[in-house]
Every structure is written in structure tokens, then in C-alpha cells.
Amino acid sequence: MSSITGDDIELGHDDAHAHDDHKPKGFLARWVFTTNHKDIGTLYLVFALLMFFIGGGMAMVIRAELFMPGLQLVEPDFFNQMTTMHALIMVFGAVMPAWVGFANWMIPLMVGAPDMALPRMNNWSFWILPFAFTMLLSTLFMESGGPAAGWTLYPPLSLQTGDSFAFVVFAVHMMGISSIMGAINIIATIMNMRAPGMTLLRMPLFVWTWLITAYLLIAVMPVLAGAVTMLLTDHFFGTSFFNAAGGGDPVMFQHIFWFFGHPEVYIMILPAFGVVSEIIPTFSRKPLFGYSAMVYATASIAFLSFIVWAHHMFTVGMPLEGQLFFMYATMLIAVPTGVKVFNWVSTMWKGAMTFETPMLFAIGFVVLFTIGGLSGLMLAITAADLQYHDTYFVVAHFHYVLVPGAVFTLMAGAYYWLPKWSGNMYSEKWGKIHFWLSTISVNVLFFPQHYLGLAGMPRRIPDYAPQFADFNMISSIGGFAFGLSQLVFVGVVIHCVYFSKKRATAQVWEGAKGLEWTVPSPAPHHTFSTPPVVTSAMVAHAEEDVRERHSE
Amino acid sequence: MSEERDVTNERTGIAPEDLARRRRNARRTAIILALIALAIFVAFFMTGVTGRGQ
């Protein structure tokens, strides 16, 4: 064995070179039958980017129709199909697979494992997805059209979908199975494949946040599967789970859906917290402030996400005690989230900061996600929610959480690890152009929607009253600009992978610390064939380090 | 070094008994988690069956 970087880590000789050229020959063997975590990670990321642009195209249709009052471009029913499909594709096709792609690439590298624990199941969980989304998208070309009741699929409206509804339900089942298999694999990997010395409290925050996310996925994806199965039998087999005329209860669907739906929000955002917790220490050249508090805050958020679901249903009507419970429980989430924001800012405090593209996106996340969090607090107030509910204020809120929240951190993570994946440095100039275009346009896009909502503009409508015209036009211009800005990202990635002449070092970033930075760039096809020996000096935020700093 | 490689798994380089133990534990973890997911699915479906008209 030879020591590659630092005194405290030993890597197998084959990490550096010998296994690098063991890639399978031929397209089918390399990509279709692959069991390699890096190749499957790449497949997930490419798939997610494709879905991001398909879902984004639908958003462009929505914003084009809303550019001015009146019906211009599409029929109202098709508009509703666009809003529904946009959400389903962005949630299940873009954000979630992108995070699984990051997990596949980085978790084995971060914990010193040779691969995921169950590589063949890993292959299966990816290759289900293209079939699921082909089925979902195919409904747009069917006689009865795609789903148009919103991503929440509330009955009785969703049950008015024609025969294509069976395709939608089956597609959701397949997405759920894929997510559950991915989550099982991640938990099995983290619990069984860590290198010697990689104790739980030495794991990078990204691994911690994904571990908790994986448990959330296993807990709530079967709930969604149960809900849509009942919709399926109500639609095609004459049952009355949600049909009041047959003794059923449509409100029960809302309870079951949101018992899945609210943790789903955290499934999309907890890995984002993990990425930001990796990036900010690197570019602040300081260890993460409050590592263990970050772990406990993540677990607290995950727990609270299970007891707040009915804040989506205040207008349905519920006992006063229920309203108070769900209002206060929702507000309680601000405490662990506040701990996280405080710790990120404290990590930057007096750090030797530089502002490369990943750091810019991470800081953009901290600022803009906080705006989304604060509007969430406003929505948590039951009395106020009766005014805000089903207006564009809600649309503005959750897009601030998901676009500058999840999407910005996906971009941050992509820029951060792209040199490790490709072996080349991306163009910092174009990365920064991408960041500033995205940041300006995303605010032009979503901030006016707060005012539209407060003024009473309902969501999910293709036409609106003339008094909403100005803010809608501004929002649409922001939307087109944001959509075009993302083409810059594609250009940067293609240039980096295929044309960049600037080679990346193993460590890539001066302040980077952790096992993934000890292997060469690009990361060889097989890494950590011989498990590394991990010591506290090797790990960015080891518990010993924390104790030592406290005792100084 | 070459002697060390002779006793290791060709693909992963981990000693076979250690790798087998890790994979066995991982499979057990996976089965338990899959059963939990299945139980949650059944539980919520039964919520629908028993919760009608409540």
C-alpha cells in the first residue's frame, strides 16, 4: 500500500491507476448492464437533467399562456395538464433522481466503500425510471389526455381523468418502487460498507442527510402507493374509497396524500442541506460549525415532517385543537432549520472565503431558501392561511423552496464535484455567468408571485383578471430568462467533460477535506478496492476535532 | 502486494470473507427495510378500507 495524501490515510495501490481501465467495453455492457455506482450515478444525473428540461418546457408553456390575460396559446384543459405534469416530472423525474445520482456517485466515495451494497438492485432501480416516465408522458398523446387535477391528484377531480389514468397510477407505482429500492440501497451501503474508522459521527453531512432522507423515502413512498392504488380501484373497479356517494371520504385522500406529501418536501431538500454543508466549509476554509447540531437538526426536521401534514388542509375544516396543533408543529420546524442557517453563516464567519461557482450557488441557496422558509411560516398561521390558500402566494413559497432551494444546490453540487467526475475543470467565468443569470431571473420569476397571491390571484388557472396583468408579465419574462439561463449550464458541462484543457487535481479545491478528494480526478472506475483507514485528521468534521476545538 | 491480491476478490479487492459478510448483512438490511415498506403500504391501504365514511 502507498500513502497518497496526508499521513493518516492509506489507499490501496489500485485506487490510483490499476482499476481505472476496467470499464466494460461496449455501450450495452457499460451503461445498460452496469452495476458500477459511478456509471449509475451518471445515468441518474443525465436522466434528471433531461427531465428538468422537459418539465421546464412545460413551465415555459404555463408562463407563455399567463404572459397576458385571456386565452392565447393553449386550451384550459391542456393548461391544467401542463401544471400537473410539470410538477410530477420536476418532483419525481428531476429533483429526486438527481439526488439519487449524487448519492450513487458520492456516498461510496465519501464512506470509503468499493461500491453500493446491492449493485444489481442499483441498476434495476435506475432502469425502471425511463419506462415510468415514458408511460407518464405518453398520456399526453392519448385521447383522454394527461392528468389535469394537479400533482396532488385530489379526488373526485382526478377520477374524471379518462383511461390514461391507469398509466399515471402505474407510472407513480414504478417511480415509488425505484425510489424505495434506491433508498434501501443507500441505507444498506451506509450501514454496512463504511471503511474502518468511518464512524457514524465522522460521516460527511451529505451522507448523514441522505441516510435520513432514505428512511423518509421508505416511510412515505408506500403511503403514496396506497393512495394511488385506491384511486385506481375507485376509477376502474367500482370501489368507493373516496366517493361520498358510495360511503367514501374524499378528505381521507387528502390526509393520506399529505402524510406522504409533506415528508416528500424534505426528501427533496435534506440532501440539499447536505451539499451546502459540504461546500460552505470548503470555500470558507473552516470546519463546519456545529457538526453534531447539524445532524440532530436534520433528524429533528425529518421527525417533525411527519406531524405537520394537515397544514396543507386548513381550509378543509378541522377542530380548533387540530388547527392549533398543526400550526404550532409547523412553526416548530423553523427551530432546527434556523439552527442550520445559523451554522452555515457561522461557518462563513471569519473564514478565508472565496467565491467560486459552487460557493455562489450555496450562498444563493442560504439567502433565497430562507425567503421560502419565512413565507412558509406565514402559511403556517391557520387564520392567515385561509387567505393565502390556493393562491399564487403558495406557488411563490414552494418555488422559492424548490428552485433556489433544491435546484440551486443541485447546481452547486454539480459544479463542486464535476472536476472529480470528469477530471477537468469547468469554466469559472461561465459558471459565474450561469449563477448570476439564474439568481436574477429566479427572483424576477417568483418574487412578483407573492404579490399576485396576496392580491387574490388563484393558482392553476389559464386566465386571470386584468389587474394581475403587470406582475404576470414580469414573472413570465423572469421565467423565460431562467429557462434560457439553464442552457448555459448544459454548455458548461459539455465543455468541461469534452473540451476543457484544464486538468483537475485530486483535491480540486484548496479547502476540500474528505475521502472523495483523496482519489485521483477523474475518480477511477473502481475506488477503495482496499478499504482506506480513516482517522480523525482525515475527516472534515470528526468528533475528536470538535472536542479539540472546544477545549482550545 | 501480489500475495495480498491473491486472496482478495478480483473486483473489489476486499478479502472474500469480509466482503461476503458485508454483502450478507446488506441483504438482511435490505429485506428488513423492504418488509417495512410493504407493511406501511398494507397499513395505509387498510386505513382506506376501514376509514370509509368516518
Of the residues in region A:113-124, those that are buried (at least 24 other Cβ atoms within 10 Å of the Cβ) and either part of a helix (DSSP H, G or I) or in contact with a strand residue (DSSP E or B) (Cβ under 9 Å, 6 or more places away or on another chain) (or both) come to A:122
In region A:278-296, anything assigned to a helix (DSSP H, G or I) and buried (at least 19 other Cβ atoms within 10 Å of the Cβ) is listed as A:278, A:279, A:280, A:281, A:282, A:283, A:284, A:291, A:294, A:295
Do we have residue A:193 as over 23 Å from residue A:162 (Cα atoms), touching a Lys or Arg at 6+ places or on another chain (Cβ under 8 Å) and facing chain B (nearest Cβ under 9 Å) here? yes
Restrict the check to region A:184-204 and report whether at least one residue is modelled with pLDDT of 95 or more, part of a helix (DSSP H, G or I) and closer than 29 Å to residue A:236 by Cβ. no
Of (1) crowded, with 24+ Cβ neighbours inside 10 Å; (2) within 14 Å of another protein chain (Cβ to nearest Cβ), residue A:273 fails just (2)
Among A:464, A:498, A:451, the single one that is assigned to a loop (DSSP other than H, G, I, E, B) and either among the charged types (D, E, K, R) or at pLDDT 95 or above (or both) is A:464
The one condition residue A:316 fails out of (1) modelled with pLDDT under 95; (2) crowded, with 17+ Cβ neighbours inside 10 Å is (2)
Residues in region A:221-252 that are more than 8 Å from every other protein chain (Cβ to nearest Cβ) and either closer than 30 Å to residue A:117 by Cβ or among the polar types (S, T, N, Q) (or both) total 5
*Can we say residue A:166 is over 20 Å from residue A:122 (Cβ atoms), at the interface with chain B (Cβ under 9 Å from one of its Cβ atoms) and assigned to a helix (DSSP H, G or I)?*
no
Among residues of region A:422-439 being of a type in the set (A, V, I, L, M, F, W, C) and out of contact with any Gly (no Cβ under 8 Å at 6 or more places or on another chain), the residue surrounded by the fewest Cβ atoms within 10 Å (Cβ to Cβ) is A:436
Out of (1) away from chain B (no Cβ under 11 Å); (2) in contact with an Asp or Glu (Cβ under 8 Å, 6 or more places away or on another chain); (3) aliphatic (A, V, I, L, M), the one residue A:268 does not meet is (2)
Of those in region A:151-163 that are part of a helix (DSSP H, G or I) and surrounded by fewer than 23 Cβ atoms within 10 Å (Cβ to Cβ), the residue nearest to the chain's Cα centre (by Cα) is A:159
Practice item. Would you confirm whether any residue within region A:124-143 is modelled with pLDDT of 95 or more, under 20 Å from residue A:175 (Cβ atoms) and within 14 Å of chain B (Cβ to nearest Cβ)? Key: yes
Output for Cβ contacts, cut-off 9 Å, separation at least six or different chains, first residue facing chain B (nearest Cβ under 10 Å) in region A:172-187, second surrounded by 24 or more Cβ atoms within 10 Å (Cβ to Cβ) and acidic (Asp, Glu), reads none
Of the residues in region B:28-37, those that are at the interface with chain A (Cβ under 7 Å from one of its Cβ atoms) and either surrounded by fewer than 19 Cβ atoms within 10 Å (Cβ to Cβ) or in contact (Cβ under 8 Å) with a residue 24 or more places away in the chain (or both) come to B:34, B:36
Those residues of region A:134-150 that are assigned to a loop (DSSP other than H, G, I, E, B), within 26 Å of the chain's Cα centre (by Cα) and either of a type in the set (Gly, Ala, Ser) or surrounded by fewer than 18 Cβ atoms within 10 Å (Cβ to Cβ) (or both) come to a total of 4
Counted residues in region A:501-530 being charged (D, E, K, R) and surrounded by fewer than 17 Cβ atoms within 10 Å (Cβ to Cβ) come to 4
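The values are calculated or read from the model by the stated rules, or taken from the named source; none is laboratory data. Everything quoted here is computed from the prediction, not taken from an experiment. FYI the Cβ positions are ideal-geometry reconstructions off the backbone, even for glycines, and counts take in every protein chain you see.
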